[in-house]
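First, the structure itself, so that you have it in front of you.
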Amino acid sequence: MGLIDGIMALLFGAGRNVVRETAEVFRENAEAGAARGAEARQQALAQFGAEFAQPAQGGFDRFVDGLNRLPRPALAFGTLGLFVAAMVDPLWFAERMQGIALVPEPLWWLLGVIVSFYFGARYQAKTQDLQRDLARSLTQAHQVKTNIEMLRDLRADSPGSADPGTDAALAQQLEGTDPNPALEEWRRRQKA
């Protein structure tokens, strides 16, 4: 017995498990690996949260945010202003356009690239929203077509709209007496 106890104590005794420790050399402990993975994900989320957290903004931050929102309306109102200026004072407008004609072509290309990148992301987002809305509308197209056909069949000028067809119950109801007891009693009193 002492030999077996000694071997068991050697393998599993003193809070150690030699078999498990040896196996972990060749294969990862799944429970420990899952714990490490969860901890890594938790740290990554904490890092992302700290990166995108909104600190208390000072005056300079608000000023820069305002400047970032300025180009789109400035370009739109500036273009409309050019049309107004061309109508109000054509000579002044012509002088300004002659100055723009002197801008070299590479500078126009650079301006085009900057404007394209600036507005490109917004255009892409709006295009994806539009495609999503179109797909949703197309799924409803068959139902809308069916509803329109049913409504057109109800129009007074559509052929056969007033024809009861071969519906015998409807023909009898239209030609027969009214099953209203109050009306029948009134008719009896009128005859008497």
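The values are calculated or read from the model by the stated rules, or taken from the named source; none is laboratory data. Predicted model, so just to flag it, every value in this text is computed and none were measured. Heads up, the Cβs are rebuilt from the backbone with ideal geometry, glycines too, and the neighbour counts pull from every protein chain shown.
Name, by its number, the condition in (1) in contact (Cβ under 8 Å) with a residue 40 or more places away in the chain; (2) in the same structural domain as G6 (by TED's automatic domain parsing) that does not hold for A34.
Just one mismatch for A34, condition (1).
In addition: Could you tell me which residue of segment 21-62 is modelled with the highest pLDDT, considering only residues that are in contact with a helix residue (DSSP H, G or I) (Cβ under 9 Å, 6 or more places away or on another chain) and in a helix (DSSP H, G or I)?
Ranking the qualifying residues of segment 21-62, first place goes to A32.
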